[in-house]
1. Here are LYS57, LYS43, LYS48, LYS76: which of them is charged (D, E, K, R) and not in a helix (DSSP H, G or I)?
2. Quick one: which residue in LEU36, LEU68, LEU50 is under 30 Å from ASN137 (Cα atoms) and touching a helix residue (DSSP H, G or I) at 6+ places or on another chain (Cβ under 8 Å)?
3. Which numbered condition trips up ASP37, out of (1) assigned to a helix (DSSP H, G or I); (2) more than 25 Å from the chain's Cα centre (by Cα); (3) surrounded by 13 or more Cβ atoms within 10 Å (Cβ to Cβ)?
4. Can ASP7 be described as among the charged types (D, E, K, R), at pLDDT below 95 and touching a helix residue (DSSP H, G or I) at 6+ places or on another chain (Cβ under 8 Å)?
5. Filter segment 19-34 down to the residues that are more than 19 Å from the chain's Cα centre (by Cα) and touching a residue at least 24 places away in the same chain (Cβ under 8 Å) and list them by number.
6. Please go through segment 11-34 and pick out each residue that is of a type in the set (Val, Ile, Thr) and in a loop (DSSP other than H, G, I, E, B).
Amino acid sequence: MGRTRGDKNLDYGTIERMMAVGCTDAQVSAALNVSLDTITNWKNENDKFLATLKRGKEAADDAVERSLWERANGWKGIETHFCVINNELIKTEYVKYYPPDPTSMIFWLKNRRRQNWTQNPEQRPETSSLTKEEMANKIMSVIKANGFH
């Protein structure tokens, strides 16, 4: 197995893009034809390599965060519909609306506004005693009040 050594042979742009699309350290090691231990050593010894991995992972995390936000608030996307009319294939693009997802809302709020949305009574302020249903209704009313319906 050939070894990649030092800065000279590393394509930092490719490594960052791999991490940005969700690749793991093990997948990067396989792509570079090195062991996982070598990746760990490079992370400890090569600041540029470590920073590259972190930037890529942050980009992947940002994409997931944005997707969660879109699920929590609702979003529109272009869809394609195919049908056959008179033996002719018809392709039609249209805008599809995906409504807010209460589970995503709750997950977001429990992590971003933990003090108001926790289900653990010891961590919840005295004034907040919402059931799951009341919590979901409150979220939906906030969403509607802000024009995200």
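1. Details: LYS57 fails: not in a helix (DSSP H, G or I); LYS43 fails: not in a helix (DSSP H, G or I); LYS48 fails: not in a helix (DSSP H, G or I).
Only one candidate qualifies: LYS76.
2. Numbers: LEU36 fails: under 30 Å from ASN137 (Cα atoms); LEU50 fails: under 30 Å from ASN137 (Cα atoms).
Criteria check complete, one pass: LEU68.
3. Single failed check for ASP37: (3).
4. Numbers: among the charged types (D, E, K, R): yes; at pLDDT below 95: yes; touching a helix residue (DSSP H, G or I) at 6+ places or on another chain (Cβ under 8 Å): yes.
For ASP7, the condition - among the charged types (D, E, K, R), at pLDDT below 95 and touching a helix residue (DSSP H, G or I) at 6+ places or on another chain (Cβ under 8 Å) - is met.
5. Within segment 19-34, VAL28, LEU32, ASN33, VAL34 meet the criteria.
6. Our first condition is that a residue be of a type in the set (Val, Ile, Thr); within segment 11-34, this holds for 14-15, 21, 24, 28, 34.
Those that are of a type in the set (Val, Ile, Thr) and in a loop (DSSP other than H, G, I, E, B): VAL21, THR24, VAL34.
The values are calculated or read from the model by the stated rules, or taken from the named source; none is laboratory data. All values reported here derive from a predicted model rather than from experimental measurement. Quick reminder, even Gly has a Cβ in these numbers, built from the backbone with ideal geometry, and neighbours come from all protein chains shown.
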